[in-house]
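J.: If you scroll down you'll find the structure; I have some questions about it.
Bear in mind that the values in this text are calculations on the coordinates, not laboratory data. Please read these numbers as outputs of a predicted model, since none were measured by experiment. Ideal geometry is used to build each Cβ from the backbone, glycine not excepted, and the neighbour counts take in all protein chains shown.
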Amino acid sequence: MENCIFCKIAKGEIPSATLYEDEEFRVILDLGPANKGHALILPKAHYANIYELPDETAAHAMVLAKKIVTKMKDILKCDGYNIVQNNGEAAGQTVFHFHMHLIPRTAGDQAGITWTPGTLTSEDRDEILEKFLME
Ligand code: AMP
Ligand code: ZN
């Protein structure tokens, strides 16, 4: 992907605040953090989103997320962590190179990663179960 900024960052062609790097991933600090310590896991290979991500890379990304947040929570002494991963514009994805957000949380902070809970209707439940389980 010629014009993908995360390809360039992941491969080291554009400098970044790198917390971790191996053959498969680079972990950087987000330039527009939701909170202090907000980091991004970037695979070095280009996959636009989770649908394109190979299973093995997905598995490695989650293990890496676990390692990074486990270390970071002690460093930052934060109260919690959100691991967020957006797919598609409608879901808030703005950079179309797969990435995972690691967002430290402090009690009462204004990071605002939440939603207003609705109600699972019996119609929705039945429709989704029927369609999903049919496949
Ligand atoms: P998303 O909205 O899930 O696609 O997330 C994209 C994230 O990338 C946002 O949190 C941005 O602040 C962050 N971002 C965009 N460009 C850069 C960059 N050059 N270096 C670090 N973070 C970036
Ligand atoms: Zn890319």
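J.: Hey, which of these cross-link pairs are over 22 Å Cα-Cα: Lys36/Lys66; Lys8/Lys66; Lys44/Lys66; Lys36/Lys73?
T.: In this structure, Lys8/Lys66 exceed 22 Å between Cα atoms.
J.: By the 4.7 Å beta carbon criterion, which cysteine residues of the chain come out unpaired?
T.: For the chain, the answer is Cys78, because their Cβ atoms have no other cysteine Cβ under 4.7 Å.
J.: Grab the Cα-Cα distance for Ile14 and Met134, subtract it from 0.36 nm times how many residues apart they are, and report the gain in nm with one decimal.
T.: Length gained, Ile14 through Met134: 38.6 nm.
J.: For a quick check: sort Val95, Val63 by the number of other beta carbons within 10 angstrom, fewest at the front.
T.: Listed from fewest to most nearby Cβ atoms, that is Val63, Val95.
J.: With an 8 Å Cα cut-off and a minimum separation of 6 or more residues, compute the relative contact order for the stretch 1-74 in percent.
T.: 21 percent
J.: Determine, from the Cβ-Cβ distance of Lys71 and Leu29 and an R0 of 22 Å, the FRET efficiency 1/(1 + (r/R0)^6), rounded to the nearest 0.05.
T.: It comes to 0.95.
J.: Mind sorting Cys78, Cys4 by how few other Cβ atoms lie within 10 Å of their own Cβ, fewest first?
T.: Cys4, Cys78
J.: Distance in nm between label sites at Glu123 and Ala111, each 7 Å beyond Cα in the beta-carbon direction?
T.: 3.7 nm
J.: Could you derive backbone 3J(HN,Hα) for the stretch 114-131 from the dihedral phi with the Karplus parameters 6.51, -1.76 and 1.60 (θ = phi - 60°), listing whole Hz in sequence and x where the residue is Gly or Pro?
T.: Each residue of the stretch 114-131 in turn: 7, 8, 8, x, x, 10, 6, 7, 5, 5, 4, 4, 5, 4, 5, 4, 4, 5 Hz.
J.: Normalised by the residues of the chain, what does the relative contact order come to in percent, with Cα pairs under 8 Å and at least six apart?
T.: Contact order relative to length: 23 percent.
J.: Enumerate by residue number the trypsin sites (Lys or Arg not before Pro) in the stretch 57-104 meeting two conditions: DSSP loop (anything except H, G, I, E, B), and at most 13 other Cβ atoms within 10 Å of the site's Cβ.
T.: Qualifying residues, ordered by number: Lys77.
J.: Counting only residues 5 or more places away or on other chains, whose amide H sits under 5 Å from the amide H of Lys44 once H atoms are built in the peptide plane?
T.: Amide H to amide H, under 5 Å and 5 or more residues apart or across chains, Lys44 pairs with Phe25, Arg26.
J.: Counting only the backbone N, which residues of the stretch 81-97 are under 14 Å from the spot 7 Å out from the Cα of Met1 toward its beta-carbon?
T.: 86-89, 93-97
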